[in-house]
Amino acid sequence: MHRAPDSSLATPMDKSLPPDILFSKHRILPLPNGIEHVPQETAYRFLCWCDFLGISIRSLIDPWIPIGNIGPVLLLAHHDPFATEMVLPRWFCGLFNISLENYLTLQRDLTDMEEDAIGLQYERPTKSWPSSAPDFNEDFEASQFILDHAIIDDSLRIAATAAVRNRASAAEMPPELREAVLLLRHQCAVTEMRFIRPPQALTELAPNTFGRYSSVAFYRTDRAVWLATPLAPDDPARRECIDNFIAEARIKPQPRVQTVVAPRDQIANLLLRSKSGGMESTAVKAVGHYARKADLTLDLVQLQQIDPHKNDTSERKIVEWLIGQTILNNSQDLHADYADGEGRFRINVDGKLQELLRVTESRWRICNALIRDHARCTKSEFDCESKHFTCRLDSELVDFRVEATTFRDGGMPPSLTLRLLGRQSTGRLLSDLRLREDYVSGIRDFIRLPYGLILVTGPTGSGKTTTLYAALNELNKPDVKILTAEDPIEQIIDGVLQSQVDEGKGITYEKLLRSFLRNAPNVILIGEIRDKETAKIAVEAAGTGHLVLATLHTNTIAGAVTRLHDAFGINRSVLSDVFIGGLSQRLLRMLCPECKQGAVLSAEEAALLKRLEIPVPPRCYRRREGGCQHCSGRGTFGRVAVMELMKNDRKLRAGIRNDKNAEELSGLSHANGHSSILREGLARFAEGVVDFEEIHLFEMLDF
Ligand SMILES: [Zn+2]
C-alpha cells in the first residue's frame, strides 16, 4: 500500500527547508550545525541494541551514530549518507547527515559511554525485524509493532500493552510512545526540537495559538512559516490550529504554513530557548505550565514496593526510589558520591546528612548516568541547557537542580548534588513561611514602598532565597512588572520574568540589569551583588523609581550596608537615601517536640540571657541523643528562621552618611528596637524551641 505523502512534508530539495531540523524516516536530512553530544538516554538505547545483537561498538569501523531518539525510535547520523554500517533497519530510524568532524566527536562520545551502559536493563524485543518496512492502517498496529520489535522500558510496555488492547489512537498512547507511533504510521516529519533555537520574535507571533494548541512557529522564510505542533496529521484540530495561527499572526502577505509534529514538552523547551538573555516574552509566560511538566513521574504505591537492596532491582528503579525518599523525607538535597569502591547516597534532613543507600561501583556508574540523564547533562562536559528536572510524586510537583562536583581520575563519574528547589512553592507568601509575625510585618513594611533598595544577607542555606521568593510572590500582581537576574534560577514564578546569569556566555548581572532598566520594571531582584558594577546599577535603579531586592554575601545586615561603600565604592550619601532596610537570616534546627528533654540552664547560659535582657526561664530544653521515631533518631524536627531586621530611619541614615562602621550601625538599629540575630536565637532557646548548641554553632561561625 502506498501512502500519499503528508502535506506538511517538504522535500530536501526545497530551498525553504529549515537547514538543520527536519526529520523524516525516508530522507537523509542535513544537519550542518551538527550536535554537541550524544544524549545519554539515546546512547543507552543504542548500546542496548548493540548488546542485544551481540555487536561491540568498538568493532564497528564506521557506523551510523545515534544522535537522538523519539521514544524507542532512534535518530542516526553519518558524514557519509551512503554508509551502510547500520545496527538497525534503515526504515526504523531517522537519518541525518553531519560533518566528518562532528561525526568523529560523537563517535568518541559514544565509545566513552559504552562502559557506563554495561548492565543497563531495557526489556528486549520479542520478535526479529521483518525484511521490509511494514504498513499500518491504524495507530495501534504501529504501537503493537513497536512493542514487538523495539527495546522499551517495562513500565512503558505495561501501559502501551493496555492501550493496544483497547485499539487506542496515538493520542491515547503513553506520551513516550505517541510520537514514535505517529512517525511510524504516517511517516510524517517529526522535529527534533532540541537542535533548534528560533528567534524570539517568531515564537511570540501567536501566543494564543500556543495557549490553545501548544503549537508554535519556529522557522520562517519569505513565503512560508513552520509551525511545530503536537497534533497528529489526521487530527481535525490541526486545521483549526493553522487557521488560528494565520488569523493571530497577521503576516502579510499570508504565508504558507508548514507543520511538523513535535512532542509537547520539546515545544515548551523551544520557547524557553528562544528567549534570548531571558528577556520579556508573552509566550514564555504561557509556557510556564508546560515547562513545569514532570520529567520524572513517581507513584507512591510503586515506590513502596521497590527494594533497593535486592540484586534484581534495576538501576532505574533505584534512582526512582532515591528521589522518592528525598522528597518523602522532606530533605533539602540528595548527595551522590563515590568513596572506598562504593557509590553512596545521602540525604540532608534539616542540615544533617543521613545515609540512604550504598551501591557497587558498576551500579553507581549507571545510577549516576541515569540521574544526569534526567537533567539532560552529558558526561564529557557538565554544561547542559538545563540542569533542572521536575519530578511528580502523586499530585506534587518538585523541582530538582543537579550539580556535578568533581570528576575523578580513571573515568569515574562526577559526584552529584540534587537540590530540591521548590515543592509547588510558587505562590507561597511570607505568611506561609511560618515566620514570626513581627518579621513578616517588618518585611512587608519594606516592600510596601514604591522604590528603594532592600538587602538580604546570610550564609548559604540560611533560607534567604525562600524569603526573597515569598516577598516577590507578595509583590506579584498583574500590574506590577517584576524582572529577576539570578544564578541559578531556583524556582519558577508565574508572571515574573526571570533571567539566568551565565557569565560564560557573557550574560552578566551587569548586562542583564542594564537591559532591565530599558524595560521599565517596577521591581528588580538581583540574585547577588558581587561586584562594583552590579552594586552601582542596583543603587542607580533603586534611586530612579524601582524597588530593588538584592542579596549580599555578608554575615550581618549592617555589614552589607558598609560593604556597598567600602568594597563597591557606593557613595554614602546616595546609599543612605536609597536604602530602605533589610535583614540577615539564619535557620536553626528545632528540637523534636516528642523527645526534647527538660534541663536546668547552666550559669553561663543564664548569664548570657540576662546580658541580652531576655527573661531567664525556670528550665530549658535539650536535644535527646538518639532522638525518637518521630524525628528518625535526629532529636530535631524541622527548622525555624531567625532574623535581624534593620530599618533605615532618620538616625541610621545619619549614621550611614557619617561613615559609621558596621558595629555602630548595628548599635543604632538595635537602639530602635531591632534585635540582633544572636539575641533572636537565644530567645528561641529560652522558649524551648531550639537547643543552645544550635546558637552556639552559628555564633561561632559569625562573630
Ligand atoms: Zn524525637
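Can you find even one residue in region 467-481 that is outside any helix (DSSP H, G or I) and either touching a residue at least 40 places away in the same chain (Cβ under 8 Å) or within 15 Å of Ile580 (Cα to Cα) (or both)? Steps first, answer last, please.
Let us first name the residues in region 467-481 that are outside any helix (DSSP H, G or I), namely 476-481.
Those left that are additionally either touching a residue at least 40 places away in the same chain (Cβ under 8 Å) or within 15 Å of Ile580 (Cα to Cα) (or both): 480-481.
Yes, because at least one residue in region 467-481 is outside any helix (DSSP H, G or I) and either touching a residue at least 40 places away in the same chain (Cβ under 8 Å) or within 15 Å of Ile580 (Cα to Cα) (or both).
Going through Arg653, Arg623 one at a time, which residue ends up being within 16 Å of the ligand (Cβ to nearest atom) and in contact with a helix residue (DSSP H, G or I) (Cβ under 8 Å, 6 or more places away or on another chain)? Before you say what the answer is, go through the steps one by one.
Values: Arg653 fails: within 16 Å of the ligand (Cβ to nearest atom).
Being within 16 Å of the ligand (Cβ to nearest atom) and in contact with a helix residue (DSSP H, G or I) (Cβ under 8 Å, 6 or more places away or on another chain) holds for just one of Arg653, Arg623, which is Arg623.
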Can you spot a residue in region 414-425 that is assigned by TED's automatic domain parsing to the domain that holds Leu549, in a loop (DSSP other than H, G, I, E, B) and at pLDDT 75 or above?
no
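Taking only region 161-176 into account, find how many residues are of a type outside the set (Gly, Ala, Ser) and either touching a Phe, Trp or Tyr at 6+ places or on another chain (Cβ under 7 Å) or farther than 19 Å from Ile151 by Cα (or both). Step through it out loud before you land on a result.
So in region 161-176, the residues of a type outside the set (Gly, Ala, Ser) come out as 161, 164-167, 172-176.
If we keep only those that are either touching a Phe, Trp or Tyr at 6+ places or on another chain (Cβ under 7 Å) or farther than 19 Å from Ile151 by Cα (or both) as well, we get 164-167, 172.
Qualifying residue count, region 161-176: 5.
Before we move on, is Ile557 farther than 21 Å from Arg679 by Cα, more than 16 Å from the ligand (Cβ to nearest atom), touching a strand residue (DSSP E or B) at 6+ places or on another chain (Cβ under 7 Å) and of a type in the set (Val, Ile, Thr)? Before the answer, list the steps.
Numbers: farther than 21 Å from Arg679 by Cα: no; more than 16 Å from the ligand (Cβ to nearest atom): yes; touching a strand residue (DSSP E or B) at 6+ places or on another chain (Cβ under 7 Å): yes; of a type in the set (Val, Ile, Thr): yes.
So Ile557 fails the test.
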Does at least one position in region 550-563 carry a residue that is in contact with a Leu (Cβ under 9 Å, 6 or more places away or on another chain), without any contact (Cβ under 8 Å) to a residue 24 or more places away in the chain and either under 28 Å from Phe516 (Cβ atoms) or not hydrophobic (A, V, I, L, M, F, W, C) (or both)?
yes
With the checklist (1) over 31 Å from the mean Cα position of the chain (by Cα); (2) at pLDDT 60 or above; (3) not small (Gly, Ala, Ser) in hand, flag the one item Asn69 doesn't pass.
(1)
Exactly one condition in (1) surrounded by fewer than 17 Cβ atoms within 10 Å (Cβ to Cβ); (2) closer than 24 Å to Thr562 by Cα is false for Tyr509; which is it?
(1)
Just wondering, is there one or more residues in region 95-107 that are surrounded by fewer than 20 Cβ atoms within 10 Å (Cβ to Cβ), part of a loop (DSSP other than H, G, I, E, B) and modelled with pLDDT of 75 or more?
yes
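Each row is one residue, and each column tells you yes or no for (1) away from the ligand (no atom under 16 Å from the Cβ); (2) in contact (Cβ under 8 Å) with a residue 24 or more places away in the chain; (3) surrounded by fewer than 17 Cβ atoms within 10 Å (Cβ to Cβ).
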{"site": "Leu583", "(1), (2), (3)": "yes, yes, no"}
{"site": "Leu591", "(1), (2), (3)": "no, yes, no"}
{"site": "Cys628", "(1), (2), (3)": "no, yes, yes"}
{"site": "Ser632", "(1), (2), (3)": "no, yes, yes"}
Give just the number: which of (1) modelled with pLDDT under 90; (2) in contact with a Lys or Arg (Cβ under 8 Å, 6 or more places away or on another chain); (3) within 16 Å of the ligand (Cβ to nearest atom) does Ala671 not satisfy?
(3)
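Which one is farthest from Arg124 (Cα to Cα) among residues in region 45-89 that are assigned to a loop (DSSP other than H, G, I, E, B) and of a type in the set (Ser, Thr, Tyr)? Steps first, answer last, please.
Kept after step one, since they are assigned to a loop (DSSP other than H, G, I, E, B), are these residues of region 45-89: 54-56, 60-64, 71-72, 79-89.
Narrowing further to those that are of a type in the set (Ser, Thr, Tyr): 56, 84.
Details: Ser56: 17, Thr84: 24 Å.
So, considering only residues that are assigned to a loop (DSSP other than H, G, I, E, B) and of a type in the set (Ser, Thr, Tyr), the one farthest from Arg124 (Cα to Cα) is Thr84.
Can you find a residue in region 550-563 that is farther than 30 Å from Arg434 by Cα and modelled with pLDDT under 90?
Step one: filter region 550-563 for residues farther than 30 Å from Arg434 by Cα, giving 562-563.
Those still in the list that are modelled with pLDDT under 90 too: none.
No: zero hits.
Would you check if there is a residue in region 72-84 being among the polar types (S, T, N, Q) and under 32 Å from the mean Cα position of the chain (by Cα)? It would help to see each step written out before you state the result.
Keep residues of region 72-84 that are among the polar types (S, T, N, Q), which gives 84.
Imposing the further condition that a residue be under 32 Å from the mean Cα position of the chain (by Cα) reduces the set to none.
Within region 72-84 (the criterion being among the polar types (S, T, N, Q) and under 32 Å from the mean Cα position of the chain (by Cα)), the answer is no, since none of the residues qualifies.
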Can you list the helices (runs of 4 or more DSSP H) lying wholly within region 587-703 that have 3 or more residues being assigned by TED's automatic domain parsing to the domain that holds Thr457 and basic (Lys, Arg)?
650-657
All conditions in (1) within 16 Å of the ligand (Cβ to nearest atom); (2) buried (at least 21 other Cβ atoms within 10 Å of the Cβ) are true of Gly638 except (2)
In region 593-608, which residues are of a type in the set (A, V, I, L, M) and within 16 Å of the ligand (Cβ to nearest atom)?
Ala599
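So, in region 647-665, how many residues would count as being of a type in the set (Lys, Arg) and more than 42 Å from the chain's Cα centre (by Cα)?
Summing the residues that are of a type in the set (Lys, Arg) and more than 42 Å from the chain's Cα centre (by Cα) in region 647-665 gives 4.
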Tell me whether region 448-462 contains one or more residues that are without any contact (Cβ under 8 Å) to a residue 24 or more places away in the chain and more than 18 Å from Arg586 (Cβ to Cβ).
yes
Of all residues in region 610-620 being over 11 Å from Gly598 (Cβ atoms) and surrounded by fewer than 13 Cβ atoms within 10 Å (Cβ to Cβ), the one that is nearest to the ligand (Cβ to nearest atom):
Pro615
In region 4-23, is there at least one residue being aliphatic (A, V, I, L, M) and at pLDDT 80 or above?
no
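The values are calculated or read from the model by the stated rules, or taken from the named source; none is laboratory data. Please read all numbers here as calculations on a predicted model, not as lab measurements. Note that we place each Cβ from the backbone using ideal geometry, even for glycine, and neighbour counts take in every protein chain shown.
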